[in-house]
Amino acid sequence: MKKLKVILFFSVVLVLILTYIRINKFKYNYKEVNNVEGIVTDINYYDNKVSFIVKGKEKVLVNDYNSNTKINLGDKVYIEGKSKLPNVNTNFNLFNYRKYLMSKKIFYTFDLEEIQITKNDNLFYKIKNSLIDKLDSINNNYLYTLILADNKINDEIYLSYQTNGISHLFAVSGMHISLITGVLFLLLNKVIKNKKITSLFISSFLIFYIFLTGFSASVIRSSFMFIGISIFKIFNLKVDSIYIISIIFIILLLVNPFYLYDIGFIYSFSISISLILLTNYINSYSNYFSKLFIISLISFLVSIPITVNQNFEINLLSPFVNMFFVPFVSFIFFPFAIISMIIPSLLPVFNILIFILEKSSIIFTLFKIELVIPHLNFIIFILRFLYLHLRF
């Protein structure tokens, strides 16, 4: 088993080196184009424009500054206009819009002038459009965020979540997937007595859920973790979770090396792998709140280099703040979000929970203890992380 861990370790190192080479050798072969054709896979509405992703031979981000044309997911479109390269960050170490788009395999944007739309009858897109229409009728930003992984939380409030180190609770990830799969298991086991069939059904649902959430990195990671564990259980194979998550990590980077520009990808894998490696230490604490604090502390320590490279500061009270928000969001807020979507008459109660959540976060920010740290070399973080991988 130790030998297998060493092989896996060097496989991860090799893939990271290969990823680094692929990223650095990548060059924009940019040529101006005046038309784009494909299927609309994502739409975002802003005050001054509509942005949507068109997937044809490649993915393109289209910006519409003038038209009020109603576009739905799955529509086939032919667009005329002008292409251009995405902007990079003008200040060193700040947000790089070009790298952000590259993490989604989008290499240029397109300003729309004329559009032709052909409606698509694809069943999956019909279901997603129906869900979006339902959420539009409810008009609650947290439901979009927690169900479709489409962050629509007010910027000022979300900043307070980031300051307190709890923004991860609003990114659909392992916690949310665990709750969803747990509820599905509970319901399906009463109807389907065969656990293998139940696991197969839930795995199929998770693949569709990955599509619903726009292939979010954290949703892919947590969903394929469940699917991988289920497959090995079906064949009665005992495989450590660290092998499963490492294989998922390797496959995703081989498919898309630019995932290393996706902050959600980095957070999700670095924290999850660290928690898996330290499972025995975490489980040595039997008390729920002691275990919760240790998990929060490990997550906080592991994420420091990532957070610093993003914000240049950390809140030292973050592990303690999580002691309040993690149980509240996990056991009350998120379950009630799902129930409120199914039974909209309960939305007034959910709005009370939103009020409690937001006011509490703002109050906690008043007591923050921030430590400003200069930019850290990400290579050092990777090496430290790989050492932890080998050590355990």
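The values are calculated or read from the model by the stated rules, or taken from the named source; none is laboratory data. Since the structure is predicted, the reported quantities are computational estimates derived from the model, not experimental observations. Cβ sites come from the backbone with ideal geometry, for glycine too, and all protein chains shown count toward neighbours. Side chains included, ligands, DNA and RNA excluded: accessible areas come from the protein's heavy atoms. Shrake-Rupley method; radii C 1.70, N 1.55, O 1.52, S 1.80 Å.
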Have a look at Ser290, Ser286 and point out the one that is in a loop (DSSP other than H, G, I, E, B), open to solvent by 20 Å² or more (accessible area, probe 1.4 Å) and either within 30 Å of Phe107 (Cβ to Cβ) or free of Cβ contacts under 8 Å to residues at least 40 places away in the same chain (or both). Ser286
Going by what's in this entry, would Asp150 be described as among the charged types (D, E, K, R) and in contact (Cβ under 8 Å) with a residue 40 or more places away in the chain? yes
Given the conditions (1) out of contact with any Leu (no Cβ under 6 Å at 6 or more places or on another chain); (2) crowded, with 20+ Cβ neighbours inside 10 Å; (3) under 30 Å from Asn129 (Cβ atoms); (4) at pLDDT 90 or above, report the number of the one that Ser223 does not fulfil. (1)
Since Lys193 meets every condition but one in (1) within 26 Å of Val326 (Cβ to Cβ); (2) basic (Lys, Arg); (3) open to solvent by 40 Å² or more (accessible area, probe 1.4 Å), which condition does it not meet? (1)
So, in region 326-355, exactly how many residues are touching a residue at least 24 places away in the same chain (Cβ under 8 Å) and either of a type outside the set (S, T, N, Q) or part of a loop (DSSP other than H, G, I, E, B) (or both)? 14
Between a residue in region 95-108 that is free of Cβ contacts under 8 Å to residues at least 60 places away in the same chain and any residue that is in a loop (DSSP other than H, G, I, E, B), which pairs come within a Cβ distance under 6 Å, given they are 6 or more apart or on different chains? Phe95/Asn89; Tyr97/Pro86; Tyr97/Asn87; Arg98/Pro86; Arg98/Val88; Leu101/Pro86
Within region 206-220, residues in a helix (DSSP H, G or I) and either open to solvent by 70 Å² or more (accessible area, probe 1.4 Å) or among the hydroxyl-bearing types (Ser, Thr, Tyr) (or both) come out as Ile207, Tyr209, Ser218
